[in-house]
1. With A:PHE245, A:PHE230 as the choices, which residue is of a type outside the set (Lys, Arg), closer than 30 Å to B:SER236 by Cα and part of a helix (DSSP H, G or I)?
2. Just the residues that are over 26 Å from the mean Cα position of the chain (by Cα) and free of Cβ contacts under 8 Å to residues at least 40 places away in the same chain, please, taken from segment B:211-236.
3. What are the residues in segment B:484-520 that are more than 23 Å from the chain's Cα centre (by Cα) and open to solvent by 20 Å² or more (accessible area, probe 1.4 Å), if any?
4. Among B:LEU183, B:LEU208, which is without any contact (Cβ under 8 Å) to a residue 24 or more places away in the chain, within 14 Å of chain A (Cβ to nearest Cβ) and aliphatic (A, V, I, L, M)?
5. Filter segment B:337-371 for residues that are of a type in the set (Ser, Thr, Tyr) and at pLDDT 95 or above; which is least open to solvent (accessible area, probe 1.4 Å)?
6. Across segment A:11-59, which residue is surrounded by the most Cβ atoms within 10 Å (Cβ to Cβ) among those that are more than 9 Å from chain B (Cβ to nearest Cβ) and assigned to a loop (DSSP other than H, G, I, E, B)?
7. Being surrounded by 15 or more Cβ atoms within 10 Å (Cβ to Cβ), in a helix (DSSP H, G or I) and not aliphatic (A, V, I, L, M) is the filter here, so list the residues in segment B:377-390 that pass it.
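The values are calculated or read from the model by the stated rules, or taken from the named source; none is laboratory data. None of these values were measured; they are calculated from a predicted model. Here the Cβ is made from the backbone with ideal geometry for all residues, glycine too, and neighbour counts use every protein chain on show. Note: accessible area is taken over every heavy atom of the protein model, side chains too, but ligands, DNA and RNA are not part of it. Shrake-Rupley method; radii C 1.70, N 1.55, O 1.52, S 1.80 Å.
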Amino acid sequence: MTAYLLRRLVWGLFTCVAVLTLVFALLRIIPGDPAQAMLGDQASQGAIEALRQQLGLNDPLWQQYVTFMSGVLTGDFGRSMSSGQPVLGQILAVLPWTLELTAVSFLIASIIGIPLGVVCASRQDGPLDQALGAICLAGISFPPFVSAIILLLLFSIQWNFFPVISDGTGSFGAWFGAIFLPALNLGLIKAAYVLRVTRSAMIEVMNEDYLRTGRAKGVSPRLLIWRHAFRNALLPIITIIGVYFGNLIGNSVLTEIVFSRPGLGKLMVQSLTQRDYTMLQGIMIFFTILVIVVNILTDLAYAAANPTVKLK
Amino acid sequence: MSFKRLGKGLGLAVGLSMLSTAGAYAQGEGPELVIAAPTGQVGTLDPHKAVQNADTAPISWMFNALVRFKPGQTNPATIEPDLAESWTVSEDGTEWTFNVRRGVKCHGNGEEFTAEDAAWSIKRASNKETSTFAGDYVDFQDAVAVDSHTLKVTLKKPLVSMPGLLANYHGGFMLCRSTAEALGGDFASKPLGTGPFVFAEHQPQRFLRLTANKDYFRGAPQVGQIIYRYMPSEASRDLAFRSGEADIQAGRNTDDWVERAEKLPNAKVVALEPAQLIQIYLNVTRPPLDDIRVRQAIQYAVDRDQLVSFVGKRVSRPAVSVIPSDNQGVAKFEFPKHDPEKARQLLAEAGYPNGLTIKMVQSNVASNLRPMEVLQQQLAQVGINMDMEVVDHTTWHTKIRQDLSDITFYAASRFPVADFYLTQFFHSASIVGKPTAVTNFSHCDVADADIEAARSEQDVQARDTFWHDAQRKLIDNVCAIPLYELTNAVVWSDKVDLGYDMVGSFTLLPDITEKVRANK
C-alpha cells in the first residue's frame, strides 16, 4: 500500500509538471494581452508596452517558463498581474468556499442518487423506475444557471426562506442559509448522474448467478440487495463519484456566479477575462492537485469497498 | 419520513435561514447601503490606475479632487470647488492658482490635507510609472505648493480640459502623501483618501465595505456604511434588489429591463449619462474602404432608426456626430437618410456592382454583437457581406489594436470635452499600430490641424469652430459612421434619498455623498 501511494504521488508530481507546462503554453498561445486588459481601452500603445516590460511579458518564453517553474518549486506562486496581490493568498481565500460547496453538493448527490438508483434497479422498468428515469434525463439536461435562478425565484423571492446572496458566515444559520441552495442546485443535477450509474451497476450485479442462488435459497430481498448486490456494485459508483467530484470543483463556476459566492471557478473565469497569467497558473496548480488527490482517494475507496481489489 | 417530520425539518431550515440574513456584515453606525455592483471583484483601488467603472465607483466615494462635477452631473459646466475652495487663472491660461480648503483630514492618520499633498498627487498622476492617466498630463509643467494651502499649477500651454483634469475623474483624484507612502504596495488594495467614506475591508469575491468618515469636511455622512457587493450575474442583481438585499443596482441597458424595473414597487430607474457613442470606424487606408464611394455606400446602407428601435428607445438615441452629444464642443449633424438604392449605385460606381466582402473582428459581448448583427443584415441588403470573426472581448481588444479589422464596431464615452474623443479616435498620433496609438481605427488624419489648434485656443468661439470643423471633415470623409448613443440603466430603492437630481455619473452608479440617506 505504501509503495502504491508513493508511486501515485510521484506520478502525480509528473502530472502536475505536465499540466503546468501545458497551461503555460496554452495561455501564451491564446490571443489577448494582459497589459491591455489591465490598462483599459484608453491606454496608449506606449503605456501598454511599458507595462508588458514591467510584467516580464516581453522576456523570452523559456525565461518566463523557468521563472514560473522555479517559483512554483519554491512555493512562490507570484503575484496576480491584475491586482498585484499574492496569487497564493487570493486562491486560499476562496478555496474553502469551493471545497465546502463541492463537498456538500457531493453529499446531496450521493444521499439522493445512490438509494434511488438501488430502488430503481430493484424495480426495473416499473412505474417508479420509469418516472425517475425521466426526471434524471431532465436533471442531466438542465443548465445549472437556469436551475439556480429557478431555485432563487422560489426559495428567496416567492417564499423568502433563503437570501439571494449566498455567502453568509459567522453562525450555523448563516452558513446553512448560504450553502443550502447552491449545494442543492449542484447536488440535484449530479444526483441524476449518480442515480443512473447506480441503477445500471446494480442491474448488472443483480443478474449474477450468486444472487439468483440467494433468491432461490429464500434470502430476503432487502438483504440480497443491500448486503450482497450493493457492495459488489459499489466500484463503478465510486469511480463515477470520484470523477464527478473533480468535475464539480470545476463546474461550480455558474452556481458561484448566480448565488454570488466566492470560489475557484469564479476566480478562474475572472482571471481568464483579464488574461491574468500568473493567477491562472496558480489556480491550475490547485485544480491539478485536487484532482490527483481525489483520484488517489477513489483508488483507496476501491480497496476498502472490495477486498479483492489489490492496490499494487 | 412522514410529511410531519419533513415539515419540521423544513421549518428548522427556514428558521435557521432567517438568521442568515442578519449580521451578514460587520456593523457600522447608521444605516447601511448595499450596492449590487456588476463585477466579480474590484481590481485596483488606486485612483490613478483604476480604469474599470466597477473600480472607479468606490474610489469616487473615498477620494476627493481639487474640483468636482456637481453630484449627479457629468457636464463640465457644473464643475464646482471640492478640495480647492477657489482658483484663479493667469491671463495666458498657463498658471492656475488653487486655494486649498483648510481643515480637510486624511483618512487613517487624521493629518490635514495640504497644498503639498495636492502637488504630490498631480505629479503622481503625471508619472507613467504610477499612473495610467499620465498621458492626460503631458502638458503639465509643474505643480508646486506656494504655501501650505496655496497650490500653483503651471502648464506648458493653455488646456481646454482645465480645470476638468483636476476634477473627480481618473487622474484628478487627490491623495494624502503620508498615508499613500506609508501603505506602499498595499495602497491599491486598501487605500486611504479624504472622502466621505473610508476603506474598512475587502472580502475577496464578496464585498468591499466602506464606513462613514465622521470627520468629513462637508459633514458626517448620513449613511453608516456602504456594502459594495460583487455580483457579476445580472439576474442575481435583479433578484437581490427585488428581495431587498440590495438598495442600488446597476441594470441592463435595454428597454425591457428598464420597463421591468419600473414596475417594481418602490423603485426609481434612471438611464444615466454619459451615454456611450456607438459607431463603426472604417479603415480608410485599406481596400475597398480606401474608396470613399464604398464608405458612402455603407453610410447609405445604415438604418439608424432601426438600430435604435432594436436597442431600445428608452436607453438609446440616434448619434449626432462622431463624438458623443454631451461633449463640450459637439456639433450636431444631419446624416444621409437610409437609402439602399443609393448605396447600390455608389458600390456600382466604385466597381462593385455585384457587392463585396469586408472582414472585421467582432467582440462576442452581446451588447456589441447583437446590434452589429442587425447592421450586418442592413449591409447585406445592398450587397455588402460582412465577414465577421467573432472572438471573446479581450481577444477582440488585442486584435483591433493590431489593425486586424477593416471595420471596427466600438462603444465609448470619454471625458466630455471634444478634445478627448477627437484625439483618441481621430488624431493621427492615435492610429493603431503606432507607438503612440490609442484607438484611431480609421487611420484618418484629416482633422489633425483642427484638433491641435483647438487644444490651446483660449477663445471659446474660435475653439468651438475648430472642433466643429474637425467633426465636419471626419464626417465628410466618412472616417466613421456614428450609429447611436447608449445610456446606462440604474435602479435604486425609494428608501434611498440621493439628495440631488440624478442625471449622470462617470462611474455608472450614483454618487454616494455625505447627503445620501438610507431610510431603513
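1. Values: A:PHE230 fails: closer than 30 Å to B:SER236 by Cα.
Answer to the selection: A:PHE245.
2. Residue satisfying the conditions is B:LYS214 alone.
3. B:ASP494, B:LYS495, B:ASP497, B:LYS515, B:ARG517, B:ASN519, B:LYS520
4. On the way: B:LEU208 fails: without any contact (Cβ under 8 Å) to a residue 24 or more places away in the chain.
B:LEU183 is the lone residue from the list that is without any contact (Cβ under 8 Å) to a residue 24 or more places away in the chain, within 14 Å of chain A (Cβ to nearest Cβ) and aliphatic (A, V, I, L, M).
5. Filtering segment B:337-371 down to residues of a type in the set (Ser, Thr, Tyr) leaves B:352, B:357, B:363, B:367.
Next, only the ones that are at pLDDT 95 or above stay: B:352, B:357, B:363.
Details: B:TYR352: 70, B:THR357: 76, B:SER363: 0 Å².
Among them, the one singled out is B:SER363.
6. Checked segment A:11-59; the qualifying residue surrounded by the most Cβ atoms within 10 Å (Cβ to Cβ) is A:LEU57.
7. B:GLN378
One line per residue, one yes/no per condition, for (1) under 25 Å from the mean Cα position of the chain (by Cα); (2) of a type outside the set (Ser, Thr, Tyr); (3) part of a loop (DSSP other than H, G, I, E, B):
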site	(1), (2), (3)
B:THR97	no, no, no
B:GLY108	no, yes, yes
B:LYS123	yes, yes, no
B:LYS128	yes, yes, yes
B:SER131	yes, no, yes
B:GLN141	no, yes, no
B:LYS152	no, yes, no
